[in-house]
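Notes for the one structure printed next.
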Amino acid sequence: GAGGNGGTGGTDGNTPGRGSDGTSALGLQTNVETVQIDSGGIIRGGGGGGGGGGGGREDSARLRRATGGGGGGGAGFPAGSGANGGSANSAGGAEGESGEDGNFDEGGNGGEGGNNDDECRGGGGGGGGSLVSDEAAGERGGVDGNGGDDGEDGSTSKGGDGGDGEGSEGESDGQEGGSNGYGITRNSGISAPTIINNGSFGGGSVLGGVS
């Protein structure tokens, strides 16, 4: 299945983007007794994209903005794309970094949140979901200094959530990461087949329910 794209980093006034769900690999529309995966064969759902980090604003002396990092792309074929950090849209704004793209097995890392003179900070982007192990999932985007929250690491079930932004005059919360797709989904009324796995099978769940 295809990996989900990461969510765009947010600003103090704009909600960051949610990570997209990974797609499922195989859908059953009729009853089959057995699904056999031969050696070298792969049936795997795509990893979910990481959520975008929130932004912050502080304007006690002058207007300062910091935006959130973008979420990492989920693993899959094709893999999900990392998202841009939030756009500051003002002089002196500190923009979060973009998340990284996923690849066939691994989720991309989330982008680091922006830091504006230690007065306001964006949250880190969430890492993209993995298809093989938590160690291969995308790592969370961090925050330089105190204030604002790191994103979450991705996992084998979903992309990581984005971290919350921080600012005394305005801030936004990070968004959720997308869910990993299923290895197999089936329509209502279709029975679950026996799976003979001599290759690689998996995703967010061994077998999806009603698609």
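General remarks:
- Residue-wise HN-Hα coupling along segment 81-86, computed from phi with Karplus coefficients 6.51, -1.76, 1.60 (Hz; x: Gly, Pro): 8, x, 9, 5, x, x
- Remark: the Cα gyration tensor places segment 8-49 in the oblate category, a/c being 1.5 or greater and a/b not exceeding b/c.
- In a reduced charge model with +1 at each Lys and Arg Cβ and -1 at each Asp and Glu Cβ, the chain shows a dipole moment near 940 debye about its Cα centre.
- Put simply, the amide H of Arg186, placed in the peptide plane, has neighbours under 5 Å in Leu28, Ser211, leaving out anything fewer than 5 places away on its chain.
- Ordering of 72-79, 1-8 by burial proxy (mean other Cβ atoms within 10 Å per residue, highest first): 1-8, 72-79
- Estimated vicinal HN-Hα couplings, Hz - segment 105-110 in sequence order (Karplus 6.51, -1.76, 1.60; Gly, Pro = x): 10, 10, x, x, 6, x
- Tensor-based shape of segment 60-116 (alpha-carbon gyration tensor, a/c under 1.5 rounded, otherwise prolate or oblate): prolate
- Test item: Cα-centred dipole of segment 20-92, Lys/Arg +1 and Asp/Glu -1 on Cβ, debye: 520
- Accessible area per residue, Å², segment 1-120 with all protein chains present, probe 1.4 Å: 42
- Of the solvent-accessible surface of the chain, computed with a 1.4 Å probe over protein heavy atoms with every protein chain present, carbon and sulfur atoms account for 37 percent.
- Segment Ser200-Ser133, extension gain: residue separation times 0.36 nm, minus the distance between their alpha carbons: 22.9 nm
- Longest to shortest principal axis, alpha-carbon extents of segment 1-126, angstrom: 69, 25, 16
- Rounded if a/c under 1.5, otherwise prolate or oblate - segment 148-191, Cα gyration tensor axes: oblate
- Added length on full extension, which subtracts the Cα-Cα distance from 0.36 nm per residue, Leu63 to Asp38: 3.0 nm
- Whole-number Å³ per residue for the convex hull built on Cα positions in the chain: 88
- Largest accessible area first, the residues Leu26, Leu63, Leu131 order themselves as Leu63, Leu26, Leu131 under a 1.4 Å probe with ligands, DNA and RNA left out.
- Relative contact order of the chain, taken over Cα pairs closer than 8 Å and 6 or more residues apart, is 27 percent.
- C-alpha center-to-center spacing [segment 119-185, segment 1-64] in angstrom: 11
- Extension gain, Asp117 back to Ser188 (0.36 nm per residue minus Cα-Cα distance, nm): 20.0 nm
- In order along segment 52-66, the Karplus-derived 3J(HN,Hα) couplings, from 6.51 cos²θ - 1.76 cosθ + 1.60 at θ = phi - 60°, round to x, x, x, x, x, 9, 9, 9, 5, 10, 8, 5, 10, 10, 9 Hz, and Gly and Pro are given as x.
The values are calculated or read from the model by the stated rules, or taken from the named source; none is laboratory data. All figures in this text were calculated on a predicted structure; none of them were measured in a lab. Methodologically, a virtual Cβ is constructed for each residue, glycine included, from the backbone with ideal geometry; neighbour enumeration extends over all protein chains shown. For accessibility, only protein heavy atoms count, side chains too; no ligands or nucleic acids. Shrake-Rupley method; radii C 1.70, N 1.55, O 1.52, S 1.80 Å.
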